[in-house]
Amino acid sequence: MENENFEQRTDLSKLNAAVENIKASLAQIIVGQQHVIELIIAGILADGHILIEGVPGVAKTLTAKLVAKSIDAQYSRIQFTPDLMPSDVLGTSVFNTKTGEFEYKRGPIFGNIILIDEINRAPAKTQSALFEVMEERQITMDGELYKMDEPFIVLATQNPVEQEGTYRLPEAQLDRFLFKIDISYPSLEEEISIISRQHQQKTADQLEHINAVLQGADIVALRQTVRGLHVEEKIIAFTARIIHETRNNKSLYLGGSPRASLAVVNAAKAVAAIAGRDFVTPDDIVKVATPVLRHRVMLTPDKEMEGLTADDVIAQIIQKIEIPR
Amino acid sequence: MRYLLLIFLLLTASIANAKPDTIAAKKVPAVIRLDTASVTLRHIDTAAINNYKKQKEFIYKDDYSGPSLWTRFWRWFWSLFDWGKTKTGYSNFWKWAGVLIKYIIMIGGIAALILVILKSAGIDINIFRKGARKAGIAYTELDENIHEIDFEKDIETAASAGNYKLAVRLLYLRALKQLSDNNLIDWQPNKTNQAYVQELNNNPAQGPFKNITRQFEYVWYGDFAVTGSGYSQITKLFADFKGGRP
């Protein structure tokens, strides 16, 4: 606890140490993007799936891969392509000639950390295969139920929908991602650092030496700690007002769902824990509101044509709502 | 050369006057043939004609039955302003007053229509409102105006009642008011505490303010219990902050 006037209520030392280890591990390869890394860690601690969006070449896949590598858990990668079928993801029943019976052959979705690269290059049919597994952490195949092992984290990357050969993900699927994190271009200083590192051939060597700093079982325990964090009634009301406003805002065609309200609070708890607090402040809510809501809300066509973005509208909404103080 | 031209003209003139040979025409005797094809007499279907006559599209007669209801409404409406009309017509004053009122109503109607359209389009126009600052210091959780709060009295009352949580909150609001009064922060109800901390960047007040913000957040959002001794320590931090400000 960072304040000597108050007794320690929750032991966050293990969580903070784990976060620092992951950050340090990733900082060896990733230049800058601290905000992105912090949000990814918060997403993992909040038991959520994460969608990373950015133009080609901004290290989306590398970041996701490194996060996966820094956690000692079963890692699986699925490259989404336009001809990918649901059975390629979930698995399929194969006839066993020896036994004379059909056997379920598990697909690559079975794992702890699933990296879905270029998720929006597969059509809606394949995307819908992920609905059940992302929300309920289970697969129903041929009448049989298959539970996913904990932790189950989907880290997906995508190019902006304006890019060639991409589809817009179904709203139902977008709602299942806790965060949509936008990766922007690096600053000039960061760009220089990236080139220098590559020039000195540091990156390739360091990539090999990235070790797991956290066990899969540790994540399950840390999530339990995060869930137990204190949230005041006024903070809950503040969150509800933000979400409610998204449903009444004239610039938005689709507002946030109740799942979005829960996601904001859960994500804010994780952010508070990373900050070393065992309670949520309005700052935490404001910090996570945009990455939680930007993919869940839909602009009206006229506002979209005016060049307004979901981030702009969310910022406007937050500015309208008074901070409980 | 002249002789050559003369000969040419004479030759062309003789060609122009030449007549073609006449050919004797052969006469063909006229033969009259009778049309023996059978004639089918067609009758007009009276029922169909009557049917067409009943259809609105084929009735070309235009019965003008006076002005429409809409026109009559407007005539009645403008007649309401014919206050000055006498048997001999309008007096000069009423004539102009009527015209003036007519135009005022028309302009008002157009303005109201524009307002309705803008409102329905979601465009907020504040033409009747004073261009005041966006928020001003007018909000706390209980709709208090922190400029109207007697902080010293209220803090004392809360502390003496053992309500240290409320006392810490009031101490923090007083600190915000102090910063705002000294133009160190731009107080807005939608700004978070960390936003104010950032606003004090490169200001010596940032460190102490960050410290009291932490105290406030632990008490107000963290629901940490504050004892009498704990409150004394917190009060000291706020007092130091208050004393250190201009």
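Taken over the range A:287-316, residues that are facing chain B (nearest Cβ under 10 Å) and touching a residue at least 40 places away in the same chain (Cβ under 8 Å) amount to 2. Within the range B:218-231, the only residue that satisfies the criterion of being out of contact with any Phe, Trp or Tyr (no Cβ under 8 Å at 6 or more places or on another chain) and either within 25 Å of A:Asp283 (Cα to Cα) or more than 10 Å from chain A (Cβ to nearest Cβ) (or both) is B:Ala225.
I need the full set of residues from the range A:105-144 which are under 26 Å from A:Ala217 (Cβ atoms) and touching a Ser or Thr at 6+ places or on another chain (Cβ under 6 Å), in order please. So that I can check it myself, show each step before the final result.
The first filter runs over the range A:105-144 and keeps only residues under 26 Å from A:Ala217 (Cβ atoms), leaving A:106-116, A:130, A:132-139.
Hits for the range A:105-144 are A:Pro108, A:Gly111, A:Ile114.
None of A:Gly91, A:Gly107 is surrounded by 20 or more Cβ atoms within 10 Å (Cβ to Cβ) and among the small types (Gly, Ala, Ser) except A:Gly107.
Quick check, is B:Lys236 in the same structural domain as B:Ala161 (by TED's automatic domain parsing), farther than 27 Å from A:Ile285 by Cα and free of Cβ contacts under 8 Å to residues at least 24 places away in the same chain? Judged against the criteria, B:Lys236 is a match.
Which members of the range A:1-53 meet the condition of being touching a Pro at 6+ places or on another chain (Cβ under 8 Å) and modelled with pLDDT of 85 or more? Spell out the reasoning first.
So in the range A:1-53, the residues touching a Pro at 6+ places or on another chain (Cβ under 8 Å) come out as A:31-33, A:39, A:44, A:47, A:53.
Those that are touching a Pro at 6+ places or on another chain (Cβ under 8 Å) and modelled with pLDDT of 85 or more: A:Leu39, A:Ile44, A:Asp47, A:Glu53.
Applying the set (1) part of a loop (DSSP other than H, G, I, E, B); (2) loosely packed, with under 10 Cβ neighbours inside 10 Å; (3) at pLDDT 75 or above to B:Pro67 leaves exactly one unmet item: (2).
The values are calculated or read from the model by the stated rules, or taken from the named source; none is laboratory data. Keep in mind the model is a prediction, meaning the values are calculated, not measured. Neighbour counts run over all protein chains shown; Cβ positions are idealised from the backbone, glycine included.
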